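The values are calculated or read from the model by the stated rules, or taken from the named source; none is laboratory data. Note that the coordinates shown come from a computational prediction; the quantities given were computed from them, not determined experimentally. Quick reminder, even Gly has a Cβ in these numbers, built from the backbone with ideal geometry, and neighbours come from all protein chains shown.
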Amino acid sequence: MSSSEISYVELASRGPIPEGLTVLRVLVGPPAAGKTTLCAHEEHRFGTRLSLDDARAGLGAGTHDQDATPAAVEYVRLQAHALLAMGADVTIDATSTTRGERATWLAIAREHRAAAVAVIVWAPWPQVRARNARRARPVPEDFVKDCWDRVTGLTAGDLIAERFQVVLERRPPDGSVRGPATAPTGLPCPRPGGR
Ligand SMILES: Nc1ncnc2c1ncn2[C@@H]1O[C@H](COP(=O)(O)OP(=O)(O)OP(=O)(O)O)[C@@H](O)[C@H]1O
Ligand SMILES: [Mg+2]
């Protein structure tokens with residue numbers, strides 16, 4: 001899959017992102033939905049990818065080490081601050097399925113007057129479940145399902161109310177639809193929330 005084959009729907013927006021504004025992109029998706037894979041395909045458009053998994057691996061016993069999560073969040077927060085202060089775009093590669101998790105990143109965007117862009121990364125439950133199960137260290141399935149349920153029920157309005165500037169959804173490559181909440185309210189947007 002090349003970058004040109006990835007498409008997005010703009011679900012909602014508070015208005016266009018002004019030219020020259022730095023972007024903090026927050027991926028929102030359950031484990032195994034394809035967030036890191038998307039970042040790999042979009043490495044030229046997503047700015048610097050900051051991964052909570054990578055931070056957990058560096059600071060703790062591995063990507064799965066939830067005890068390392070607080071330190072990993074702090075580490076990623078500091079990196080995001082430094083990058084945004086330099087005017088570099090940042091993409092947060094983490095599940096960010098709860099309002100509280102997203103609030104961490106939104107606060108940083110606010111502080112740096114960066115545009116916060118949410119990118120929903122979703123795939124049908126059988127796919128997510130199977131991909132997770134195939135991993136060397138599957139994430140507990142109940143947790144994955146809770147995350148999947150939250151993302152499935154998320155509306156663009158929820159994310160706009162949290163103060164995201166733009167809400168995009170990556171179209172699942174197999175053409176499946178997340179649910180009634182994904183009905184596009186804006187024009188198809190070929191760009192991943194960049195300029
Ligand atoms: N479009 C796709 N088609 C087929 N397989 C895919 C696709 N996207 C991702 N995968 C596969 O699904 C698995 C999970 O993808 P990925 O690691 O990107 O998920 P993730 O959302 O980053 O998960 P986590 O939140 O656990 O880091 C990988 O094995 C990846 O190769
Ligand atoms: Mg990942």
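Taking first residues from the range 87-112 that are more than 14 Å from GLU74 (Cβ to Cβ) and within 15 Å of ligand 1 (Cβ to nearest atom) and partners that are among the aromatic types (Phe, Trp, Tyr) and outside any helix (DSSP H, G or I), the Cβ contacts under 7 Å between residues at least 6 apart in sequence or on separate chains come to THR91/PHE46.
Given the structure, is GLY87 among the small types (Gly, Ala, Ser), modelled with pLDDT under 95 and not in a helix (DSSP H, G or I)? So GLY87 does not fit the description; no.
With the requirement that a residue be assigned to a strand (DSSP E or B), within 16 Å of ligand 1 (Cβ to nearest atom) and not β-branched (Val, Ile, Thr), what does the range 9-39 give you? Across the range 9-39, the qualifying residues are ARG25, LEU27.
Selection within the range 57-75: residues that are surrounded by 16 or more Cβ atoms within 10 Å (Cβ to Cβ) and either within 17 Å of the chain's Cα centre (by Cα) or among the polar types (S, T, N, Q) (or both). The member of this set that is modelled with the lowest pLDDT is THR63.
Note on the range 38-56: among residues that are free of Cβ contacts under 8 Å to residues at least 40 places away in the same chain and exposed (fewer than 15 other Cβ atoms within 10 Å of the Cβ), the one that is farthest from HIS112 (Cα to Cα) is ALA40. Being within 16 Å of ligand 1 (Cβ to nearest atom) and polar (S, T, N, Q) is a property that THR63 has.
A quick yes/no check of all residues on (1) touching a Phe, Trp or Tyr at 6+ places or on another chain (Cβ under 7 Å); (2) of a type in the set (A, V, I, L, M); (3) within 16 Å of ligand 2 (Cβ to nearest atom):
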residue: SER7; (1), (2), (3): no, no, no
residue: GLU10; (1), (2), (3): no, no, no
residue: GLU19; (1), (2), (3): no, no, no
residue: GLY29; (1), (2), (3): yes, no, yes
residue: ALA32; (1), (2), (3): no, yes, yes
residue: CYS39; (1), (2), (3): yes, no, yes
residue: PHE46; (1), (2), (3): no, no, yes
residue: LEU50; (1), (2), (3): no, yes, yes
residue: ASP54; (1), (2), (3): no, no, yes
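Looking only at the range 76-129, residues that are buried (at least 21 other Cβ atoms within 10 Å of the Cβ) and of a type in the set (Lys, Arg) come to 1 in all.
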